[in-house]
Amino acid sequence: MSDMPLLRVNAVSKFYGSRIGCQNVSFELWPGEVLAVVGESGSGKTTLLDCLATRLAPSTGSVEYRMRDGQFRDLYRMSEAERRFLMRTDWGFVHQNPADGLRMTVSAGANVGERLMAVGDRHYGNIRAAAADWLGRVEIAADRIDDQPRAFSGGMRQRLQIARNLVTNPRLVFMDEPTGGLDVSVQARLLDLLRGLVSDLGLAAIVVTHDLAVARLLSHRMMVMKDGRIVETGLTDRVLDDPQAPYTQLLVSSILQV
Amino acid sequence: MTELATYNFAYLDEQTKRMIRRAILKAIAIPGYQVPFASREMPMPYGWGTGGVQVTAAIIGPNDTLKVIDQGADDTTNAVSIRAFFQKVSSVRVTTKTTEATIIQTRHRIPETALQTGQTLVYQVPIPEPLRFLEPRETETRKMHALEEYGLMHVKLYEDIARHGHIATTYAYPVKVEGRYVMDPSPTPKFDNPKMHRSPALQLFGAGREKRIYAIPPYTEVVSLDFEDHPFEIQTFSEPCALCGARGSYLDEVILDDKGGSMFVCSDTDFCEDRQSEGHQGHLSANPAQADTHAAGVEK
Ligand SMILES: [Zn+2]
C-alpha cells in the first residue's frame, strides 16, 4: 500500500431541497482497500456513492482523487471530459443491474473491448485477445465471446460487467449492490470471484450494500449509514463482531436472526 | 402547375434561405459537425431528399447549373422529379454532365469524374448520426461528439469483424473529418469514401426529417475508420463495365432476363455514357438491345 490515500472525501453533503441525501461524510480510501458502505434503503448510501463516482454533484464538500501522476484533483473542479476519461480508464462502476452497465446488443468481446477502443487501441487482434483473456478471468467460456449478453444468465452478465470494467486496469472500482439481483448460490460464486480479483489486482473498491454478508466477505473496512449520516465506521470484523452504535447493533442482530 | 410560378425563386422564402445559409456557414466552419436547422415542409415526402433539396434551394442562384443523381443515375424517378422541381421553381439550367454542373445533388453516390474547385456536392441524408445505432440517446451522442468519445464507432467495426471476419460495413461507412468529428457520409458506398478526402469541391449534407446540416469544406481531410490489422478497403470488381469497359468505377448488377442473366455496368450513367461516346467499349456494348436494358435497369 502507498503512503498516500487514493480518495479523500471531505464533509460531503447532498440535499434535495430540505431533504437530506447524505450529510457531512468524510473519509479516506487507501490503495488496495475495500470499503463497504452499509445501510438500509433510504440510508443515503446510494446518494453517497453517486457523489463519489461523479454521477451526482454534492451540495457541499469535496471529493479529491489521487491521479496516476500523484496529484490530488478535486473531482468536481475537473472538466466533464476529464471526469469521463477517468471513469472509463482509472475507475470502474459495477451496477446492480448488469443491463445498466453493459451494451446488451453488442457481443461479450466488444463489451469488454470497448474501453480499450475508447482509449485508442486500434488493433483488432490485440483487443480480441485482451477480451478473451478477461472472459477467462471471470470464468466465461471462450466460445461465448461473440454472444450477446442477452443470451447470458444473470450471474454471467454480472461477471461480464466486471470484466468490462477491469480491462483497463483501473485503480478504483465502485460497486452498487453487485450481487443484488442474484440467487444465493450464484451470489457466493460471484463474491469469491470478486474477492480474488480485488486482491490479485490490488484494487481499491467502494461497495454499497444492504447485505452484511457481502460486506463481511469483500471489505476490509465498513461504514454504517442511517438517515444520511455515518453512525459507525471501523474494520469490518470489528464492526460486525463488536458493534458500538445502537443502530449497528440492531442491524447486526436483525441480520443474524434472518 | 403554373401556380408554382408565384413561388419565390427556388421555392423557399428569402428568410428561410438565410436561416439555412447560416446553418451551412456554421457547418463549413466546423467540418463534420451536425448543425441543427429548422427544416421546412417541402412539396415532397421525407425520404425524397427534402434535406438535400432545402440545402440546394438555399445556395442555388440563377447562374447555376444543376445536376441531380440517384444511385449514380440522372434518369431515376427521384432524380427526375427533383430536377423538374428546380426547373419549375428557379428556371436554372440543368445538366446530366458532371463537368458542367455547379451544384450536384446526390443520393447514394459521388460521381466518378473528379469534382473541381467551384463545384458543390449536396447529399441527401436520411440518418445523420453515425452513433445512432449503438447509442439511441441523442443527449448522449451529442456529448460523445462534444468530448470526442468515439470508442463506440470502433465497437461497431469490431462487431463486423467478429461476425464476418472482415469489416462488412459497405454503405454509410463512418469517417473522421479533419481529425475531429466522426461523420456519416450518408448511404454512399464506401467505394466513394476516398473521393471525399481533400476534394476540391464543397460537400454539403442535408437531413430533412432529422433537421441537421453538416459539411466538408474543400481540401478537408476525410479518413475512413479502421483497425491497424483490418485496414479500410474499398470494394473491387472482378470485371470491367460491360458497356464502357471501365475498370475502377463502381458497378451495379443489372438483370438482363428472367433466367438469371446479368451484367455489371457503371452506376454513374453520365460517366459511362461519356466513355462510350469517346469510343470505349465493354464486352456487351455492341448490342443496342442490351444498352436499353441498362437504362431500364438503373431505374429499379
Ligand atoms: Zn461504364
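Residues that are within 16 Å of the ligand (Cβ to nearest atom) number at least 3 in the following strands (runs of 3 or more DSSP E) confined to region B:178-291: B:251-255, B:262-266. The residues in region B:92-145 that are touching a strand residue (DSSP E or B) at 6+ places or on another chain (Cβ under 6 Å) and within 30 Å of A:Glu114 (Cβ to Cβ) can be counted, and the count is 4.
Test B:Glu159 against the stated conditions and say whether it is within 13 Å of chain A (Cβ to nearest Cβ) and buried (at least 16 other Cβ atoms within 10 Å of the Cβ). Criteria met by B:Glu159.
Every residue, every condition in (1) within 14 Å of chain B (Cβ to nearest Cβ); (2) surrounded by fewer than 17 Cβ atoms within 10 Å (Cβ to Cβ); (3) at negative phi, yes or no:
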site	(1), (2), (3)
A:Met67	no, yes, yes
A:Asp74	no, yes, yes
A:Arg77	no, yes, yes
A:Glu80	yes, yes, yes
A:Arg83	yes, no, yes
A:Leu86	yes, no, yes
A:Trp91	no, no, yes
A:His95	no, no, yes
A:Arg103	yes, no, yes
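Looking only at residues in region B:103-129 that are under 26 Å from B:Pro36 (Cβ atoms) and of a type in the set (A, V, I, L, M, F, W, C), the one that is surrounded by the fewest Cβ atoms within 10 Å (Cβ to Cβ) is B:Ile127. For region B:1-101, the helices (runs of 4 or more DSSP H) that sit wholly inside it and include 2 or more residues that are loosely packed, with under 15 Cβ neighbours inside 10 Å are B:14-29, B:77-90. Of all residues in region B:221-234, one or more are under 21 Å from the mean Cα position of the chain (by Cα), closer than 21 Å to B:Gln124 by Cβ, surrounded by fewer than 22 Cβ atoms within 10 Å (Cβ to Cβ) and touching a residue at least 12 places away in the same chain (Cβ under 8 Å). Between A:Gly61, A:Gly39, which is small (Gly, Ala, Ser), within 18 Å of A:Ala205 (Cβ to Cβ), more than 14 Å from chain B (Cβ to nearest Cβ) and in contact with a helix residue (DSSP H, G or I) (Cβ under 9 Å, 6 or more places away or on another chain)? Going through A:Gly61, A:Gly39 in turn, the sole match is A:Gly39. Candidates in region A:125-136 are the residues that are surrounded by fewer than 22 Cβ atoms within 10 Å (Cβ to Cβ) and in contact with an Asp or Glu (Cβ under 9 Å, 6 or more places away or on another chain); of these, the one that is farthest from the other protein chains (Cβ to nearest Cβ) is A:Ala130.
Among the residues of region B:133-155, those identified as at pLDDT below 90 and either closer than 16 Å to A:Arg88 by Cβ or part of a helix (DSSP H, G or I) (or both) are B:Leu134, B:Glu135. For region B:162-179, residues that are buried (at least 16 other Cβ atoms within 10 Å of the Cβ), at pLDDT below 95 and farther than 19 Å from B:Gln34 by Cα total 2. Only one of the numbered conditions (1) surrounded by 21 or more Cβ atoms within 10 Å (Cβ to Cβ); (2) over 18 Å from the mean Cα position of the chain (by Cα); (3) more than 8 Å from chain B (Cβ to nearest Cβ) is violated by A:Glu139, and that is (1). Of the residues making up region B:122-156, those that are among the aromatic types (Phe, Trp, Tyr) and more than 11 Å from every other protein chain (Cβ to nearest Cβ) number 1. Checking each residue in region B:177-231 for being more than 26 Å from B:Lys143 (Cβ to Cβ) and among the hydroxyl-bearing types (Ser, Thr, Tyr) picks out B:Thr188, B:Ser199, B:Tyr219. So, A:Glu82, is that one in a strand (DSSP E or B) and of a type in the set (D, E, K, R) or not? In short, no.
Condition check ((1) modelled with pLDDT of 95 or more; (2) basic (Lys, Arg); (3) closer than 22 Å to A:Met175 by Cβ) across all residues:
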position	(1), (2), (3)
A:Gly92	yes, no, yes
A:Asn111	yes, no, yes
A:Glu114	yes, no, yes
A:Met117	yes, no, no
A:Gly120	no, no, no
A:Ala131	yes, no, yes
A:Trp134	yes, no, yes
A:Arg137	yes, yes, yes
A:Ile140	yes, no, yes
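Among the residues here, A:Asn165 does not qualify as assigned to a loop (DSSP other than H, G, I, E, B), out of contact with any Cys (no Cβ under 6 Å at 6 or more places or on another chain) and of a type outside the set (A, V, I, L, M, F, W, C). The criterion of being more than 14 Å from chain B (Cβ to nearest Cβ) and modelled with pLDDT of 95 or more does not hold for A:Ser18. Filtering A:Arg189, A:Arg144 for residues that are under 19 Å from the mean Cα position of the chain (by Cα) and in contact (Cβ under 8 Å) with a residue 12 or more places away in the chain leaves a single hit, A:Arg189. Go through region A:208-258 and give me each residue that's part of a helix (DSSP H, G or I) and touching a residue at least 60 places away in the same chain (Cβ under 8 Å). Answer for region A:208-258, where residues must be part of a helix (DSSP H, G or I) and touching a residue at least 60 places away in the same chain (Cβ under 8 Å): A:Leu212, A:Val214, A:Ala215, A:Leu218, A:Thr236, A:Leu251.
The values are calculated or read from the model by the stated rules, or taken from the named source; none is laboratory data. Since the model is a prediction, treat every value here as computed from it, not as a measurement. Note that we place each Cβ from the backbone using ideal geometry, even for glycine, and neighbour counts take in every protein chain shown.
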